Amino acid sequence: MKTYSAKPTDVTRAWYIVDAGEAPIGRVATRVAELLIGKGKPQFTKHIDCGDFVVVINAEKLIVTGKKMDQKKYYHHSHFPGGLKEITLTKQIEKDATQAVIHAIRGMLPVNKLRDERLARLKVYNGSEHKHAPQQPIAYSVKDKK
């Protein structure tokens, strides 16, 4: 019996839509990362990008537990002396909630050459409106999965 290894031409990509407001951000990020990697597919192969397209809506309604709204900080450095900037999750959501969601999902993806390709298939929107209706995305509920 031979071991199956997927080829890039064998990959078929589906579209999924995930509501970020129905579960905590960590749960949403892990489920979306699984879809982007393609781990739930039978033809999953580690070195081939088998993942699907994912549209995340309602990014401004994301849920966090505990005191993360005030205590979680995002850091950025300008590469100049004294150029370390920090922003709390509350201010990041006010500024651009999609970046907070992308940052969480990016942290759940493995660090390898496929990460940028996988992130390119991620589409995040603040409201419930998105421009991917012609692709007929399948609704994916994060609450139902264990």
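Does the range 116-127 include one or more residues that are touching a Lys or Arg at 6+ places or on another chain (Cβ under 9 Å), surrounded by 16 or more Cβ atoms within 10 Å (Cβ to Cβ), at pLDDT below 95 and of a type in the set (A, V, I, L, M)?
no
Name the residue that is nearest to Asn126 (Cα to Cα), counting only residues in the range 74-94 that are surrounded by 12 or more Cβ atoms within 10 Å (Cβ to Cβ) and either of a type in the set (A, V, I, L, M) or in contact with a strand residue (DSSP E or B) (Cβ under 7 Å, 6 or more places away or on another chain) (or both). Explain how you work it out, then say what you get.
Of all residues in the range 74-94, those surrounded by 12 or more Cβ atoms within 10 Å (Cβ to Cβ) come to 74, 87-93.
Restricting the remaining residues to those that are either of a type in the set (A, V, I, L, M) or in contact with a strand residue (DSSP E or B) (Cβ under 7 Å, 6 or more places away or on another chain) (or both) gives 74, 87-89, 92-93.
Values: Tyr74: 19, Ile87: 19, Thr88: 18, Leu89: 15, Gln92: 13, Ile93: 10 Å.
So, considering only residues that are surrounded by 12 or more Cβ atoms within 10 Å (Cβ to Cβ) and either of a type in the set (A, V, I, L, M) or in contact with a strand residue (DSSP E or B) (Cβ under 7 Å, 6 or more places away or on another chain) (or both), the one nearest to Asn126 (Cα to Cα) is Ile93.
Considering only residues that are farther than 24 Å from Pro24 by Cα and either surrounded by fewer than 12 Cβ atoms within 10 Å (Cβ to Cβ) or not acidic (Asp, Glu) (or both), which ones fall in the range 39-73?
The first filter runs over the range 39-73 and keeps only residues farther than 24 Å from Pro24 by Cα, leaving 41-50.
Residues satisfying the conditions are Lys41, Pro42, Gln43, Phe44, Thr45, Lys46, His47, Ile48, Cys50.
Every residue in the range 126-146 that is touching a residue at least 40 places away in the same chain (Cβ under 8 Å) and closer than 14 Å to Phe53 by Cα, please.
His130, His132, Gln135, Gln136, Pro137, Ile138, Ala139, Tyr140
Just a yes or no: is a residue in the range 138-146 surrounded by 14 or more Cβ atoms within 10 Å (Cβ to Cβ) and in contact with a Phe, Trp or Tyr (Cβ under 7 Å, 6 or more places away or on another chain)?
Applying the first criterion (surrounded by 14 or more Cβ atoms within 10 Å (Cβ to Cβ)) to the range 138-146 yields 140, 142.
Retained after the next criterion (residues that are in contact with a Phe, Trp or Tyr (Cβ under 7 Å, 6 or more places away or on another chain)): 140.
Within the range 138-146, one or more residues are surrounded by 14 or more Cβ atoms within 10 Å (Cβ to Cβ) and in contact with a Phe, Trp or Tyr (Cβ under 7 Å, 6 or more places away or on another chain).
Considering each residue of the range 120-134, count those that are in contact with a strand residue (DSSP E or B) (Cβ under 6 Å, 6 or more places away or on another chain) and more than 24 Å from Leu109 (Cα to Cα), and give that number.
First pass over the range 120-134, keeping only residues in contact with a strand residue (DSSP E or B) (Cβ under 6 Å, 6 or more places away or on another chain): 121-125, 128, 130, 132.
From what is left, the residues that are more than 24 Å from Leu109 (Cα to Cα) are 128.
Final tally of qualifying residues: 1.
For Val28, all conditions in the list (1) touching a Phe, Trp or Tyr at 6+ places or on another chain (Cβ under 9 Å); (2) surrounded by 13 or more Cβ atoms within 10 Å (Cβ to Cβ); (3) of a type in the set (A, V, I, L, M) hold save one; what is the number of the exception?
Evaluating Val28 over (1) touching a Phe, Trp or Tyr at 6+ places or on another chain (Cβ under 9 Å); (2) surrounded by 13 or more Cβ atoms within 10 Å (Cβ to Cβ); (3) of a type in the set (A, V, I, L, M) leaves (1) as the failure.
Right, Phe80: outside any helix (DSSP H, G or I), out of contact with any Cys (no Cβ under 7 Å at 6 or more places or on another chain) and not acidic (Asp, Glu) or not?
Working: outside any helix (DSSP H, G or I): yes; out of contact with any Cys (no Cβ under 7 Å at 6 or more places or on another chain): yes; not acidic (Asp, Glu): yes.
Yes: the conditions hold for Phe80.
It is to be established whether one or more residues within the range 1-10 are at pLDDT 95 or above, farther than 17 Å from Ala104 by Cα and outside any helix (DSSP H, G or I). Walk me through how you get there before you give the answer.
Taking the range 1-10 and keeping what is at pLDDT 95 or above, we get none.
There is no residue in the range 1-10 that is at pLDDT 95 or above, farther than 17 Å from Ala104 by Cα and outside any helix (DSSP H, G or I).
Test of understanding: among Glu86, Glu60, Glu34, which residue is outside any loop (DSSP other than H, G, I, E, B) and at pLDDT below 95? So that I can check it myself, show each step before the final result.
Numbers: Glu86 fails: at pLDDT below 95; Glu34 fails: at pLDDT below 95.
Exactly one residue qualifies, and that residue is Glu60.
Using the structure shown, decide if Ile102 is assigned to a loop (DSSP other than H, G, I, E, B) and surrounded by 14 or more Cβ atoms within 10 Å (Cβ to Cβ). So that I can check it myself, show each step before the final result.
Values: assigned to a loop (DSSP other than H, G, I, E, B): no; surrounded by 14 or more Cβ atoms within 10 Å (Cβ to Cβ): yes.
Answer is no for this residue.
The values are calculated or read from the model by the stated rules, or taken from the named source; none is laboratory data. Keep in mind the model is a prediction, meaning the values are calculated, not measured. Reconstructed Cβ throughout: ideal geometry from the backbone, glycine too, with neighbour counts over all protein chains shown.
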